[in-house]
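One structure is given below, encoded as structure tokens.
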Amino acid sequence: GQQLNQSPQSMFIQEGEDVSMNCTSSSIFNTWLWYKQDPGEGPVLLIALYKAGELTSNGRLTAQFGITRKDSFLNISASIPSDVGIYFCAGHPQEEINNAGNMLTFGGGTRLMVKP
Amino acid sequence: EAQVTQNPRYLITVTGKKLTVTCSQNMNHEYMSWYRQDPGLGLRQIYYSMNVEVTDKGDVPEGYKVSRKEKRNFPLILESPSPNQTSLYFCASSFAGAMNTEAFFGQGTRLTVV
């Protein structure tokens, strides 16, 4: 399957700091999604991006669909302790679009730890 | 409440003993899939189903089976579990079609095979 390279793998930051993480691929993606996984839970969708160049915010979170369609970033501003968790990027590779399926490819995740 | 329900949440079993992890969704989604989550590897798709009686292999299907006899249920079957199948498993569902992309995940099943 397609590979999504997500970085960093982990971050340990002070409460109030801004956070930035990104995903890159060697292939074109038609959608980019960012999920958060709380400890002991399944991933929950934070932001969905559907167009190259799209910049979308959800509260303190901002994500962008890269213009080349091969990358995306997620920023979290003014982090708080409840931001702790694993953040996953995910996307639909262009080659899957004609299969009428929804096969999502996931990055390896960024584990975020916030020190109060 | 719209949800994806997996059972059990935790399971410890022995090598070779057949097991089934159930998954049920109440959102009338056509598309369902199973993922396993391992440290540093993210979520890897095991099998998916685009509708009743339509299933296909994902990236890591070896050692697993699935069935989709009803729209709401998508059980994952391990006929002869092995220790390398110790993992955290997630079921997900969504509407079919390229633009309806939000996948809803269950709470996960932590499986240990000894």
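Would you mind telling me which residue in A:Ala63, A:Ala52, A:Ala78 has the biggest mean-square fluctuation in a Gaussian network model of chain A, where springs connect alpha carbons within a distance under 10 angstrom?
Highest fluctuation of the listed residues: A:Ala78.
Along the range B:37-47, what does the Karplus equation 6.51 cos²θ - 1.76 cosθ + 1.60 (θ = phi - 60°) give for ³J(HN,Hα), rounded to whole Hz, x for Gly and Pro?
10, 10, x, x, 10, x, 9, 10, 7, 9, 8
If neighbour count is taken as other Cβ atoms inside 10 Å, put A:Ile76, A:Ile47 in order from fewest to most.
Fewest-to-most Cβ neighbours within 10 Å comes out as A:Ile47, A:Ile76.
Principal axis extents for the protein assembly as shown, Cα atoms only, whole Å, descending order, please.
48, 41, 36
How large is ³J(HN,Hα) for each residue in the range B:54-68, as worked out from phi by the Karplus curve 6.51 cos²θ - 1.76 cosθ + 1.60 (θ = phi - 60°), to whole Hz, x for Gly and Pro?
Result, rounded to whole Hz: 10, 10, 8, 6, x, 7, 9, x, 4, x, 10, 9, 9, 8, 9.
Which ³J(HN,Hα) values, rounded to whole Hz and listed in residue order, are derived for the range A:46-54 from phi using the Karplus coefficients 6.51, -1.76 and 1.60 in 6.51 cos²θ - 1.76 cosθ + 1.60 with θ = phi - 60°, glycine and proline given as x?
Karplus-based 3J(HN,Hα) across the range A:46-54 equals 9, 9, 10, 10, 10, 10, 4, x, 4 Hz.
What average count of beta carbons from other chains do you get within 10 Å of the Cβ of residues in A:106-113?
Mean partner shielding for this stretch: 3.
Within 10 Å of each Cβ in B:28-38, how many Cβ atoms from other chains are there, averaged over the peptide?
Mean shielding count: 2.
Going by how many other Cβ atoms sit within 10 Å of their own, how do A:Phe73, A:Phe88 line up, fewest first?
Least to most surrounded, the residues fall as A:Phe73, A:Phe88.
Please give me the summed charge of the neighbours of B:Tyr89: other residues whose Cβ is under 9 Å from its Cβ, Lys and Arg +1, Asp and Glu -1.
Here the charged neighbours net out to +2.
As an exercise, identify the trypsin sites (Lys or Arg not before Pro) in the range B:1-97 lying in DSSP coil whose Cβ has no more than 14 other Cβ atoms within 10 Å.
Here the sparse-neighbourhood loop sites are B:Arg9, B:Lys17, B:Lys18, B:Lys69.
Ratio of Rg to Rh for chain A, alpha carbon only, Kirkwood?
0.97
Find the centroid of the Cα atoms in the range A:1-35 and in the range B:52-73, then give the distance between the two in whole Å.
Taking the Cα centre of each part, the range A:1-35 and the range B:52-73 sit 29 Å apart.
Rule-based calculations on the coordinates, nothing more; no lab input. The structure displayed is predicted, hence computed values, not measured ones. Heads up, the Cβs are rebuilt from the backbone with ideal geometry, glycines too, and the neighbour counts pull from every protein chain shown.
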